[in-house]
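The values are calculated or read from the model by the stated rules, or taken from the named source; none is laboratory data. Predicted model only: the values in this text are computed from it and were never measured. For neighbour counting, all protein chains shown are included, and Cβ atoms are generated from backbone atoms with ideal geometry for every residue, glycine included.
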Amino acid sequence: MGILSFWWLILIVLSIIFYKFVLRVFFGMVIVPEDRIGLVTKKFVLFGAHKSLPDGRIIATQGEAGFQAQTLAPGLYWGMWIWQYSVDMTPFTIIPEGQIGLVLSKDGKEIPTGRILARKVNCDNYQDATAFLNNGGQKGRQTAFITSGSYRINTFLFEIVITDQVKIFENMIGIATALDGEPIPIGQIAGKFVEGHNNFQDFDAFLENGGNRGLQPQVMLAGSYYINTWAIQIEQNPMTDVPIGHVGVVISYIGEDGQDVTGESFKHGNIVSKGQRGVWMEPLGPGKYALNKYSTKLELVPTTNLVLNWANARSESHNLDKNLSTITVRSKDGFPFNLDVSQIIHVPANEAPKVIARFGSMNNLVSQVLEPTIGNYFRNSAQDSDVISFLSTRKERQESAKVHIKAVLDEYNVNAVDTLIGDITPPESLMKTLTDRKIAEEEQKTYQTQRMAQEQRQGVEKETAIADMQKEIVRAAQSVEIAQRTADATVKKAEGDATSLKLSVNAEAEATKMRAIAEAEATKARAGAQAEATKMNASAEAEKISKTGLAEAEKIMAIGKSTAEAYQLQVTAMGGDNFTKYKITEEIGKGNIKVIPEILISGSNGTDGGINGLLGMKLMELMGAEKKENNQ
């Protein structure tokens, strides 16, 4: 009894410890954790219609032995006998943010011939394997995919490949190539434009709408996309940039054949409306455009004035003239020489499609039209002239070239703005001859210039000498003027003295008379005071004094009158002017004033007397000064 109880105790303890195993063995209990799913494998089937899987199948949907389509979600299950079922616990399939899960099915129907991807079926994002197989799911790579999240995926049936989203960066475009779909129509290089597939994110819609495999005309702009990379390949390329000062002429390789819109007058290319195959009539202005470089081509055409140089040492930044070189021509007299030419052209924006339709590119325009036209013109022009004439008529030849080249380029829808002749390099031997001749001519001009300079220098020296003597001339002239004015002053003084003398004589006579009267009155007064005895003496004395004063006054008056009468007679006899000059001369003589220079020099012929005289005076003065210094 004790032994039996002991064994029961051991059995209970073991059951507690290994209860899961016990329940699994005796009751078929399976517990699926909350972060797992159970993948069931059925080992055998004892009886029934579905004992084994059909040929070609690996997943059982009707209870056949093998991998079961039905999975066990987290929870408790019974009847999963250990001898008949094995359950593998596997984690959920987790798709991180920014990624997608591409699905590969290991079972299902065969993909139709000519297709590489299995079409989408309704199967709860591949979480219901039974629905996938029952609804006609195909084995292989699937068109559909699963986005970020957690999924209960039966990994016996599906393999999940995690890949990144497709990101198109700024200023970039995505060029799509479909790996599945209908064949591209004959005569086209890209599939037709299909709508409704949300930028290729719904590849099943793309296929249902008749999308073609291969290059797609539609491009994808910047952004993030859920793209099945087994179905669509994306190539990123920069956006097409049309810079300022240019237009972009679009050449489309896809689309329907359009009708030429230029009319019958233009027969050099197929210019069509936008969207058709050919050269588009409407060019693209400056900006950025999402153009598929494989289905379209953009030719940039400058719309500003374009300078092309036929010169070895110079090329513009546009590089259209990088293959142009200095033009070598031969003159009529057989001398070869080099010629640099610059041609300025302008392509109108509305004429740019015609230029591209005619030539294909701006480089072709330069090489096929401009280079032969300009080169041949100047070669022909040089053959009609010798080198010297060509050099001397450069301006006329430049103008003639401008007119000729403008007429030619007008036929090609290009405006010729100007033609400029640059450096002309004649033969060295001829240049040496011309240089020697020119040097001789210049030397002759130099000699003539030097001779004229010497003559001018002599004239300048002569004028300088005259200018140096000018101050002496001015001094002499001033001396004459001073003498003249001194003589005039002397005359005036003599006249004043004569007048003063006359007035003085009259005044003296009057004064004497007054004194005599005063004296007489005084004497008379004194006589009244004296005795009567002396009255007669006083009267006699008064009479004497009176007569004496009268006699003196009459004497002075007689002298003045006689002098005035003498002057009047002299004026009458000599004339007023002569008398004045006489008196002036007399006064100059009395004052010892030198009016005329001691030495007077005059010219022999009378023409340069003044200047020669002054020069002579200056010479005599210098000689006198030198003599004075020697004497000292």
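Within segment 306-335, residues that are more than 18 Å from L365 (Cα to Cα) reach partners that are among the aliphatic types (A, V, I, L, M) and part of a loop (DSSP other than H, G, I, E, B) with beta carbons closer than 7 Å, at six or more positions or on different chains, in the pairs T326/A311. Filtering segment 221-242 to residues that are crowded, with 20+ Cβ neighbours inside 10 Å and assigned to a loop (DSSP other than H, G, I, E, B) leaves I227, N228, W230, A231. Every listed requirement among (1) more than 32 Å from the chain's Cα centre (by Cα); (2) over 20 Å from N309 (Cβ atoms); (3) assigned to a helix (DSSP H, G or I) is met by S385 save one, (3). If you go through segment 130-185, how many residues are assigned to a loop (DSSP other than H, G, I, E, B), within 25 Å of D35 (Cα to Cα) and either aliphatic (A, V, I, L, M) or free of Cβ contacts under 8 Å to residues at least 60 places away in the same chain (or both)? Within segment 130-185, residues that are assigned to a loop (DSSP other than H, G, I, E, B), within 25 Å of D35 (Cα to Cα) and either aliphatic (A, V, I, L, M) or free of Cβ contacts under 8 Å to residues at least 60 places away in the same chain (or both) number 3.
Kindly evaluate I153 against the criterion of being among the hydrophobic types (A, V, I, L, M, F, W, C) and outside the structural domain of I59 (by TED's automatic domain parsing). So I153 does not fit the description; no.
Looking only at segment 94-128, filter to residues that are of a type in the set (S, T, Y) and at pLDDT 95 or above; which one of those is nearest to Q142 (Cα to Cα)?
So the first thing to find is which residues in segment 94-128 are of a type in the set (S, T, Y), and the list is 105, 113, 126.
Filter again for at pLDDT 95 or above, leaving 105, 126.
Working: S105: 7, Y126: 10 Å.
Checked segment 94-128; the qualifying residue nearest to Q142 (Cα to Cα) is S105.
So how many residues does segment 178-196 have that are in contact with a strand residue (DSSP E or B) (Cβ under 8 Å, 6 or more places away or on another chain) and not aliphatic (A, V, I, L, M)? Give the derivation first.
Step one: of segment 178-196, the residues in contact with a strand residue (DSSP E or B) (Cβ under 8 Å, 6 or more places away or on another chain) are 178-185, 189-194.
From what's left, not aliphatic (A, V, I, L, M): 180-183, 185, 191-193.
Of the residues in segment 178-196, 8 are in contact with a strand residue (DSSP E or B) (Cβ under 8 Å, 6 or more places away or on another chain) and not aliphatic (A, V, I, L, M).
Could you list, in sequence order, all residues of segment 243-272 that are at pLDDT 85 or above and either within 17 Å of N292 (Cα to Cα) or surrounded by fewer than 16 Cβ atoms within 10 Å (Cβ to Cβ) (or both)? Within segment 243-272, P243, I244, G245, G248, V249, V250, I251, S252, Y253, I254, G255, E256 qualify. A residue that is modelled with pLDDT of 90 or more, closer than 30 Å to S361 by Cβ and in the same structural domain as V341 (by TED's automatic domain parsing) occurs somewhere in segment 419-437.
Just the residues that are in contact with a His (Cβ under 8 Å, 6 or more places away or on another chain), surrounded by fewer than 16 Cβ atoms within 10 Å (Cβ to Cβ) and under 30 Å from P217 (Cβ atoms), please, taken from segment 278-324.
Kept after step one, since they are in contact with a His (Cβ under 8 Å, 6 or more places away or on another chain), are these residues of segment 278-324: 286, 300-306.
Still in the running and surrounded by fewer than 16 Cβ atoms within 10 Å (Cβ to Cβ): 286, 304-305.
Once the filter is applied, which keeps residues that are in contact with a His (Cβ under 8 Å, 6 or more places away or on another chain), surrounded by fewer than 16 Cβ atoms within 10 Å (Cβ to Cβ) and under 30 Å from P217 (Cβ atoms), segment 278-324 yields only P286.
Residues of segment 103-113 that are more than 14 Å from I59 (Cα to Cα) and out of contact with any Asp or Glu (no Cβ under 9 Å at 6 or more places or on another chain): E110, I111, P112, T113.
Looking at segment 323-343, is at least one residue modelled with pLDDT of 90 or more and within 30 Å of V279 (Cα to Cα)? Looking for residues that are modelled with pLDDT of 90 or more and within 30 Å of V279 (Cα to Cα), one finds at least one in segment 323-343, hence yes.
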